[in-house]
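Q: The structure is given below, and queries will be raised subsequently.
Only the coordinates and a few stated rules stand behind these numbers; no lab work does. The shown structure was predicted, so the numbers you read here are calculated from the model rather than taken from an experiment. All Cβ positions, glycine included, derive from the backbone under ideal geometry; neighbour counts span all protein chains shown.
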Amino acid sequence: MGHQVSPPYPVSILTSALMAYLNNGMAVYEMGMAGNAMEKIVIRDLAKRFGLPDGATGFVTSGGTLGNLTALMAARAKYLQNNPTADYKKLAILVSEEAHYSVERTFVVMGIPCENIVKVSVDEQFNIRADQLEELYQTAKADGKEVFCVIGCACSTATGSFDDLVAIGTFAERHHLWFHVDAAHGGPVIFSPRYAHLINGIDKADSLIMDFHKMMMVPSLSTAVIFRSQDLAGLTFTQEARYLWQDQQSEEWYNSGKRTFECTKPMTIIHVYALLRLYGDRLFREQIEQLYDLAKSFAELLDKQEGFELLCKPQSNIVCFRCVREGTDPDELNRSILKKIMLDGRFYIVGTTTNKAFYLRTSLMNTRTDLADLKFLLQLITDTTASNM
Ligand SMILES: *Cc1c(COP(=O)(O)O)cnc(C)c1O
């Protein structure tokens, strides 16, 4: 219950063995016939669930970090296509200050100054202040910046907060900006009728990413990158590789290497494909609902418990809280608690610094965790503070 690492669903251990045994690359059809077809089937299914138009397409890539890079490179390519004289060093995006650090890395890789990332502040629930987008956009433009993309977090990594995607999508539409959604962690709420509302507005996205290895119980790494249309998906990479494919211009969905950063790529799609075929979407619905519900119960427990306080109400399965004791510096106290809990070894939780204060952080990833475990964790924390061990 520390970081967002999924316990692999048992059958995905078998599909891992199969993947290793077949050792199919994916760049071209003859290397990954089944894999490319499975990707097409799963991505089509997901795109439909997210409410994207029929032409939506995509592929699997090795992790959300690479997924964000791939999508933002397409966003940049689109902008440069429409604005061929744009000054590279002036390109900018708008994103919540709570966004995953991989967004900043995309700028490092793309050679755009990181100062051009316009960070939008968040409210007390750590959701983007969408009402500030317009003003920040106008200021950026007045400063000579060329904004090409706006990103929505679904959800943020530190606190698991979902940005208002309807508001961001509407804003993006108004200014003809590329709308990217980082749904690495939160995307799978789409499987739950009770929680899918958290990503209302995702149907407006030009691109989105979703990690299968976070909330969908498959081994690392496996990430869906989905684009609104084939035209957009093909923008990221335009290198020719005559020994792999003959025609650079046409789509050739079965030659996925045309659109992915990777050339040889493991057939990780087999995990999610197998889970969907064997168990259907029920598996993911139950996973989301059980863990999101558990986070709510944990928050209620923390609320009632003397000497504990929540950072914010959990919107997902991520819960941040801290211990407070009169006359003790809370940062020092909680850092010391974390160290003791780690050394004790029965629990693995992590910390996060936010609003300049240190909080304990749990990502409830395993459906075998229950409220009794969490009560025990709080008891253990209380004991460490009492005994001053
Ligand atoms: C985990 C995460 C990423 C990075 O994904 P990796 O698969 O670890 O590379 C990006 N964005 C968000 C919101 C995340 O939670």
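Q: On a 0 to 90° scale, report how tilted helix 330-344 is relative to the longest principal axis of the chain, with both axes built from alpha carbons and the result rounded to the nearest 10.
A: Helix 330-344 sits roughly 80 degrees off the main axis of the chain.
Q: At 7 Å along Cα-to-Cβ for each site, give me the label-to-label distance between LYS90 and ILE41 in nm.
A: 4.9
Q: Once you place label points 7 Å from the Cα toward the Cβ at ASP329 and VAL350, how far apart are they in nm?
A: Rounded to a tenth, the inter-label distance reads 2.5 nm.
Q: Additional query: Counting only helical runs of four or more DSSP H residues, what would the 222 nm mean residue ellipticity of the chain come to if each run contributes -39,500 (n - 2.57) and the total is spread over all its residues? Write out the running numbers ahead of the final one.
A: Numbers: 12 runs with 152 residues, N = 389.
Dividing the helical sum by the residues of the chain leaves -12500 deg cm²/dmol.
Q: Compute the Kirkwood hydrodynamic radius of the range 167-236, taking the inverse of the mean of 1/r over all pairs of distinct Cα atoms, and give it in Å to one decimal. Write out the running numbers ahead of the final one.
A: Working: mean 1/r = 0.0770 Å⁻¹.
Kirkwood radius, the range 167-236: 13.0 Å.
Q: Extension gain GLU173-GLU30, at 0.36 nm per residue separation less the Cα-Cα distance, in nm?
A: On the way: separation 143, 0.36 × 143 = 51.48 nm, distance 3.98 nm.
Full extension from GLU173 to GLU30 adds 47.5 nm.
Q: Which of the peptides 112-119, 25-32 is most tightly packed, and how do the rest follow, judged by the mean count of other Cβ atoms within 10 Å per residue? Mind showing how you got there, number by number?
A: On the way: 112-119: 15.6, 25-32: 19.5.
Top to bottom by mean Cβ count within 10 Å: 25-32, 112-119.
Q: OK, next. For SER229, SER16, SER207, which order do you get if you count the other beta carbons within 10 Å of each Cβ and list the fewest first? Don't skip to the answer; put the middle values down first.
A: Working: SER229 14, SER16 17, SER207 30.
So the ranking, lowest neighbour count to highest, is SER229, SER16, SER207.
Q: Rounded to two decimals, what is the ratio between the C-alpha radius of gyration of the chain and 2.2 N^0.38 Å?
A: So the Cα radius of gyration is 1.03 times the expected 2.2 N^0.38 Å.
Q: Still on this model: What's the extension gain from ALA357 to ARG105 if we count 0.36 nm per residue and subtract their Cα-Cα distance? Please list the in-between numbers first.
A: Working: separation 252, 0.36 × 252 = 90.72 nm, distance 2.46 nm.
Additional length available on full extension: 88.3 nm.
Q: While we're here: Report P(r) for the range 111-270: all Cα-Cα distances, bin width 5 Å, range 0 to the bin holding the largest distance, values in whole percent.
A: Pairs per bin, as whole percents: 2, 8, 15, 17, 18, 16, 12, 8, 4, 1, 0.
Q: Now, a different point. Suppose the Debye formula is applied to equal point scatterers at every Cα of the range 250-382; what is log10 I(q)/I(0) at q = 0.09, 0.11, 0.14 Å⁻¹?
A: -0.41, -0.56, -0.74
Q: Tell me, GLU97, GLU146 in order of fewest to most beta-carbon neighbours within 10 Å? Working shown, then result.
A: Values: GLU97 14, GLU146 17.
Least to most surrounded, the residues fall as GLU97, GLU146.
Q: Principal axes first, then extents: for the Cα atoms of the range 68-128, list largest minus smallest coordinate on each axis, whole Å, largest first.
A: 40, 18, 17
Q: For labels at CYS263 and ASP143 in the simple 7 Å Cα→Cβ model, what's the distance in nm?
A: Label-label distance for CYS263 and ASP143, simple model: 4.0 nm.
Q: Sticking with this one: Does anyone have the angle between helix 133-142 and the longest principal axis of the chain? Alpha-carbon axes, 0 to 90°, nearest 10?
A: 60
Q: Measure nothing but the geometry: give the 0 to 90° angle between the long axis through the Cα atoms of 371-387 and the longest principal axis through the Cα atoms of the chain, rounded to 10°.
A: 50
Q: Classify the range 1-87 from the C-alpha gyration tensor, please: rounded if a/c falls under 1.5, else prolate or oblate depending on whether a/b exceeds b/c. Numbers along the way, then the final one.
A: Details: a/c = 1.95, a/b = 1.64, b/c = 1.19.
Judged from the Cα gyration tensor, the range 1-87 comes out prolate (a/c at least 1.5, a/b above b/c).
Q: Hey, another quick one. Take the alpha-carbon centre of the range 109-149, take the same for the range 22-96, and report the distance between them in whole Å.
A: For the range 109-149 versus the range 22-96, the Cα centre distance is 23 Å.
Q: Tell me, ARG259, ARG282, ARG335 in order of fewest to most beta-carbon neighbours within 10 Å?
A: Details: ARG259 23, ARG282 9, ARG335 15.
Fewest-to-most Cβ neighbours within 10 Å comes out as ARG282, ARG335, ARG259.
Q: Rank VAL272, PHE284, LEU311 by how far each Cα sits towards the positive end of the charge dipole of the range 271-363 (+1 on Lys, Arg Cβ; -1 on Asp, Glu Cβ) and give me just the farthest.
A: VAL272
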